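Participant: Structure incoming, see below.
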Amino acid sequence: MEGYLGVFERFSHDEIMEMRKGYFASIALIDLEVGRVLEALKKSIWDKTLIIFTSDRGDMLGDHDLFVKGAYFYELCVRVPLLIKFPGGK
């Protein structure tokens, strides 16, 4: 498969599962660290803080035979988080 990073060989099912496990482990780490930041803010300047959390785009992780990020309109790429907490909000 030709992608903007070069030619991709077909990966085995096990290789794709390993890539996905790594991706989801990264998400779990981000979740943990964002939680730590939010807890620290709650102990100090929570009521004065505007928080916006989002992502640039999702990752295909082998779905539709794609392994790169790009301008695709599949749900995995366009469904990203957007969380907003206004000052004084919960």
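Participant: Taking only Cα atoms, what is the 0 to 90° angle, nearest 10, from helix 13-42's long axis to the longest principal axis of the chain?
Facilitator: Compared with the principal axis, the helix lies near 10 degrees.
Participant: Also: Over the Cα atoms of segment 10-85, how large are the radius of gyration and the largest Cα-Cα distance (Dmax), in Å?
Facilitator: 16.1, 50
Each reported figure results from applying straightforward, stated rules to the coordinates on display, with no laboratory input. Owing to the predicted nature of the structure, the values given are computational and were not obtained by experimental measurement.
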